[in-house]
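A short write-up of the structure that comes next.
The values are calculated or read from the model by the stated rules, or taken from the named source; none is laboratory data. This is a predicted model, so every value here is computed, not measured. Here the Cβ is made from the backbone with ideal geometry for all residues, glycine too, and neighbour counts use every protein chain on show. All accessible areas refer to the heavy atoms of the entire protein, side chains included, with ligands and DNA or RNA removed. Shrake-Rupley method; radii C 1.70, N 1.55, O 1.52, S 1.80 Å.
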Amino acid sequence: MNFLAASIESLGAKIVGGLNVGYGLFALLTEAVLALLDRNTWNRATFDVVIKQVYFTAVQILPVFLTYALVISWLIISIILTTARDFGLTEFASEMTIRVLVLELLPFLTALYIALRSGSAMNTEIALMQVNNELDALAHCKVPPMQLEFLPRLIGGVVSVVALATLAGLLALLMAYLAIYGLNPAGFDPFTRTLAKIFDFRIVAGLFFKCALFGLAVTLIPITAGLETPKKLFMVPVSVLRGMMRVFFAIVVIEVVSLALKYI
């Protein structure tokens, strides 16, 4: 009986904790949307912070990211082409490459890349600001943290994931064409017909929405985890670990739901 009671109590505590996390995410997202719609939010200072966030999240890592996307794309395209030739399905190679690489794998890997690089740093920064009472000091000086600290990071994350996933997808399309048709312009017509067949409005809108959700996940969750940090310095690494686990779980859930809606 004691074991059963302890198990029920532990399960209840986990459920309550999960609901609290969900409420915190929803509350912060609601506040961000209201701030986004507020004209007073958009001044020169906020705009400058947004530009800096996009630069540090996306532009600064562009050479390394494109190299990373190039290597991944080359490996996946080579695997797909070899498999297609072995099974006599060469005519479907371009469509398989686009569906596997451009629509699914590259957006997922882009979100993971930004989460590991920028999401963890964001979580650490917000947690340290929470521990050192810097957020309270901003509020005391009537400087809204949402306007200068949180909203620019959310916008920068969404813009960065969408932009980098788009660049990686275009690079993969170019490599797919070269791998299948080489420099022969005769492949342009069948390749563009394949693109038109795949990229209808529903697919493009779904891809954009998925990338936007990835961008929110890699920024909103680390910010929320940082704000939950107790005001003790040794809790900062724990907060970062907890936040990154939540980010990984959210990215996987978004991808799984996207696949289920698309193919089931």
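Seen against the Cα atoms of the chain and their longest principal axis, helix 2-37 is set at about 80 degrees. About its Cα centre, what dipole magnitude does the range 74-190 give when the only charges are +1 on Lys and Arg Cβ and -1 on Asp and Glu Cβ, stated in debye to the nearest 20? Using only the charged Cβ atoms, the result is roughly 100 debye.
What chymotrypsin sites (Phe, Trp or Tyr not before Pro) in the range 79-121 are in a loop by DSSP, with at most 16 other Cβ atoms within 10 Å of the Cβ? Qualifying residues, ordered by number: Phe87.
Scanning the chain for trypsin sites (Lys or Arg not before Pro) in DSSP loops with at most 14 other Cβ atoms within 10 Å, what's the longest stretch left with none?
Working: sites that count: Lys142, Lys231, Lys232.
Longest site-free region, per DSSP loop and neighbour criteria: 1-141.
So how tilted is helix 201-227 from the main axis of the chain? Cα-based, degrees 0 to 90, rounded to 10. The angle comes out at about 30 degrees. The figure for Thr219 is an accessible area of roughly 0 square angstrom, using a 1.4 Å probe on the protein chains alone.
For the set Cys211, Cys141, solvent exposure ranked by accessible area (probe 1.4 Å, protein chains only) runs largest to smallest as Cys141, Cys211. Heavy-atom accessible area for Tyr55, with the other protein chains in place and a 1.4 Å probe, reaches approximately 110 Å².
Only helices enter the 222 nm calculation for the chain: every DSSP H run of n ≥ 4 contributes -39,500 (n - 2.57), and dividing by all residues gives -26000 deg cm²/dmol, rounded to 500.
Helix 62-86 sits at what angle to the longest principal axis of the chain, using alpha carbons and giving 0 to 90 degrees rounded to 10? Taking Cα atoms only, the helix is inclined about 40 degrees.
Which value, in debye to the nearest 20, describes the size of the charge dipole of the chain about its Cα centre when Lys and Arg Cβ atoms bear +1, Asp and Glu Cβ atoms bear -1, and nothing else is charged?
On the way: 18 positive and 16 negative charges, 23 e Å.
Computed charge dipole of the chain: roughly 120 debye.
With the contact rule set at Cα under 8 Å and sequence spacing of 6 or more, what percent relative contact order holds for the range 85-193? So the answer I get is 47 percent.
Rolling a 1.4 Å probe over the protein heavy atoms gives the chain an accessible area of 56 Å² per residue. Send over the Kirkwood Rh of the chain, from the inverse of the averaged 1/r over different Cα pairs, rounded to one decimal Å. 20.6 Å is the Kirkwood radius here. Of the residues Trp74, Trp42, the one with the largest accessible area comes first in the ranking Trp74, Trp42, computed with a 1.4 Å probe on protein heavy atoms.
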